[in-house]
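All remarks here apply to the structure that follows.
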Amino acid sequence: MFGIVVISRKHVGWAFTGLGSLGAIITAILSYTYAPGVDPEAWKAPEAYRILFWHVPFAWTSFVAFTILFIGSIAWYARRKEWGWRLVATGSDLGLLFGLGVVISGPIWGAAEWGVPWDWGDLRLNTYALLTGVALFIVLSRRSQPDGINTRDTLSTVGLFGFALVPITALATTLYRERHPGVIIVRSEDSGLDPEISRVLLIGVLSFSLLMIGLSILTELSYRLRAELVELQQRLDEVVH
Amino acid sequence: MEAAKLFSASNLDVYRGNRLVLSNIELSLNEGEVVALVGPNGSGKTTLLESCAGMHRMTSGKVEWRDDNGVVRIIRDFEGRRKRLPPMGLTLQMDGICGDETIEERLSTALSISGRAPSSSDLNQMLSAWGLDHRAVDPTAQLSGGLRRRLAVLCGLSPAVMSANPRAILLDEPSEGLDESARGLLVNWMRALAAQGHGILIATHDPEMIAASDRIVSVLEDGTLSSETQDCLAFAGELPDPCPAIEPNPLASHLRWAFRMEVRNPIDTISRLLPALISLLLIHTFVGEKEILASGNDFLAALIIAPAFISVLVAPALIKRYAEADCGRWWSALLGPMHRISSSFIGASLILPLPLIYISWLILGDTAPAETSQDVLESIWIIGLSLIDVSIAAAAVHLLVSDLHRSNAAAASLLLLILVWPFIELTDALTIILNDGMTFGLGMEEPFTMILLASLTSVLIWLVAVFLPDV
């Protein structure tokens, strides 16, 4: 029975991941073939805006991943819940993956539109970069440090550290000189956003969400199996000694 | 009549890694007894001894110690409460000694933390008894392993030797590395201390030490304890007389220790100064007047602050000193919850940012507008002070990372990215000073407010890095 549950979760995870990946590719194709151009008078690099169809879904999914990391950090920090640690592991892995998507795609657009790839005064870009840095730190440390309560305590503290500090300090320092553009490209009367752009953006967000769900299931499953493996190895150690 | 307890651990569960090493432990140490903790390698003797000193997080239970006024206080419990230990002696398995301190300094430090003010003849008498007096002014790095161990054991015993009040002494494998005469001396001193009412807990494999104890506590494979008493036949030796008591001030001792280490071997100053000066020289060499004038005052402001900012981000040398032979853990045990706070201050660069920012200004400030130059010269020290706040926050972040078992394998710089915020604030503030001169108004676009905001951001980062790990 247990085996069936594990296999079915794995298949569900792969199915979501496959669908999400396919959707992400379709989004990229649609962004060039279906989405309209923007007003060339209003933008320095009108074609560069198409990166938004991946940039925004990356931002959305990395936000969800960082939230998972935060919830896991609280659960481990406050109650040392094993599921909390699995969320820390999953959230940091996915936060790193999707966060890198944000901090790579953002500067590509910034270089074309602003003329500089990075703006240190920008709230969202910097916040995502710092949170991605925190996620990278946790991912690297999980690989380099021996697993145990002390390591988990410290890394969950780092998870909380990131969440406690990044938004607060970012808000405190950049509230009054934000440069990041809004998502409005071309307004239509009813939705506030060009319907074709909205449609492609929606497909992108849904696809990346599916990808995120699939990878979450697979990552969480791999950590669960790894924990079982470690337990079996420890039992084996006891038998050997 | 039952002897008074010096400390007790109750219902203690402690994990090391993923393994429950101690399970539901009940242990106490009474006045006038020597207790030997025995058990095979990896059974948890060291963990138990260190847990009694409040050095480990626990998943259940508490450790309580009695102070000189007879008040019993929780030192550490599973809910994260932590208090400083009352005066006591501690010898860790790895000595806990930094190689830069001299032998006399080390002994003096161990005594001052426990509230004793020994004269130089008191120190000399103890060092002489342990065959260390001829090396009193040598750095401990020059000692052989055996002599270093003698010093570590003497430092553990000395707070009780010099005190008329009963003290608890925790010794982890004290006889390991000692020769026969030193082992004999150790047994004699332990028995003499017990006869004076002090309590001694030793983790040991040594049959000689076990024979010198009144009670043998075995740590069993399942993490529980079994205990048996015995009649001890070892002889008590002669001890030096106690010295005058002073009010213990571990923080002052810690500061003195760190200052001495840096004066003797200024690795912190050099490791901060060098990258700052190199960056300054590179800027001076490769960034010409034209580029600065073309890019504007915000570019100049960033260049002026950058060398000092780089210097404050460098990992404190204190962390390297702590890593030597468990030195940091020894301080952590004796300072308790104040250890992280104290270390973040004394590990920070408290002096360099000020001269560095003035040197930067003198070298790079040629291109600044003449009308505001005097203003910058007179007010740039405020930015230097704010960089000291940034340095304290950076030290706290480095200390947080140093909690990891393999902290050398962790990329602390990723967490330091957050300090870019105060750097941006300070750059903006200096830009405004360069453009319009210094003002002390509290509006959002005033330079003074921006400097204040940079300091407040640093304080916030410091608070989170210092208090979150120990809650």
Test for B:L48: is it over 23 Å from the mean Cα position of the chain (by Cα), in the same structural domain as B:H205 (by TED's automatic domain parsing) and crowded, with 20+ Cβ neighbours inside 10 Å: no
Quick check on B:D436: is it more than 9 Å from chain A (Cβ to nearest Cβ), within 20 Å of B:R340 (Cβ to Cβ), in contact (Cβ under 8 Å) with a residue 60 or more places away in the chain and among the acidic types (D, E)? no
In the set B:I418, B:I392, which member is touching a helix residue (DSSP H, G or I) at 6+ places or on another chain (Cβ under 6 Å) and more than 8 Å from chain A (Cβ to nearest Cβ)? B:I392
With respect to B:V35, determine if the residue is modelled with pLDDT of 90 or more, in a strand (DSSP E or B) and under 29 Å from B:I319 (Cα atoms). no
Number of the condition not met by B:S295 [criteria: (1) under 16 Å from B:T427 (Cα atoms); (2) touching a residue at least 24 places away in the same chain (Cβ under 8 Å)]: (2)
Among the residues of segment A:118-131, write down those that are at the interface with chain B (Cβ under 9 Å from one of its Cβ atoms) and either of a type in the set (S, T, Y) or part of a helix (DSSP H, G or I) (or both). A:N126, A:A129, A:L130
Considering segment B:73-96 alone, what residues qualify as being closer than 19 Å to B:A160 by Cβ and of a type in the set (A, V, I, L, M)? B:I75, B:L85, B:M88, B:L90, B:L92
Odd one out for B:I383 among (1) surrounded by 22 or more Cβ atoms within 10 Å (Cβ to Cβ); (2) within 14 Å of chain A (Cβ to nearest Cβ): (2)
Residue under evaluation B:P353, criteria (1) in contact (Cβ under 8 Å) with a residue 40 or more places away in the chain; (2) surrounded by fewer than 19 Cβ atoms within 10 Å (Cβ to Cβ), criterion not met: (2)
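Residue-wise test of (1) closer than 17 Å to B:I200 by Cα; (2) in contact (Cβ under 8 Å) with a residue 24 or more places away in the chain.
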{"site": "B:K5", "(1), (2)": "yes, yes"}
{"site": "B:N11", "(1), (2)": "no, yes"}
{"site": "B:N18", "(1), (2)": "no, no"}
{"site": "B:I25", "(1), (2)": "no, yes"}
{"site": "B:E31", "(1), (2)": "yes, yes"}
{"site": "B:V34", "(1), (2)": "yes, yes"}
{"site": "B:L37", "(1), (2)": "yes, yes"}
{"site": "B:N41", "(1), (2)": "no, no"}
In segment B:1-24, the residues that are surrounded by 16 or more Cβ atoms within 10 Å (Cβ to Cβ) and more than 25 Å from A:V230 (Cβ to Cβ): B:K5, B:L6, B:F7, B:S8, B:A9
Top-ranked residue in segment B:68-88 [being over 16 Å from the mean Cα position of the chain (by Cα) and not in a loop (DSSP other than H, G, I, E, B); ranked as surrounded by the most Cβ atoms within 10 Å (Cβ to Cβ)]: B:R76
Do you know which residues across segment A:118-151 are buried (at least 18 other Cβ atoms within 10 Å of the Cβ), farther than 14 Å from A:T90 by Cα and in contact (Cβ under 8 Å) with a residue 40 or more places away in the chain? A:D119, A:D122, A:L123, A:L125, A:N126, A:T127, A:Y128, A:L130, A:L131, A:I149
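Check every one of the helices (runs of 4 or more DSSP H) wholly within segment B:287-341 and list those with 2 or more residues that are in contact with a Ser or Thr (Cβ under 9 Å, 6 or more places away or on another chain) and closer than 17 Å to B:L404 by Cα. Reasoning before the result, please.
Numbers: elements: B:289-295, B:297-313, B:317-323, B:327-335.
Ranges flagged: B:317-323, B:327-335.
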I'd like to verify a number: residues in segment A:70-94 that are within 14 Å of chain B (Cβ to nearest Cβ) and closer than 26 Å to A:S105 by Cα, how many? 2
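The values are calculated or read from the model by the stated rules, or taken from the named source; none is laboratory data. Keep in mind that what you see is a predicted model, and the values were worked out from it rather than measured. Quick reminder, even Gly has a Cβ in these numbers, built from the backbone with ideal geometry, and neighbours come from all protein chains shown.
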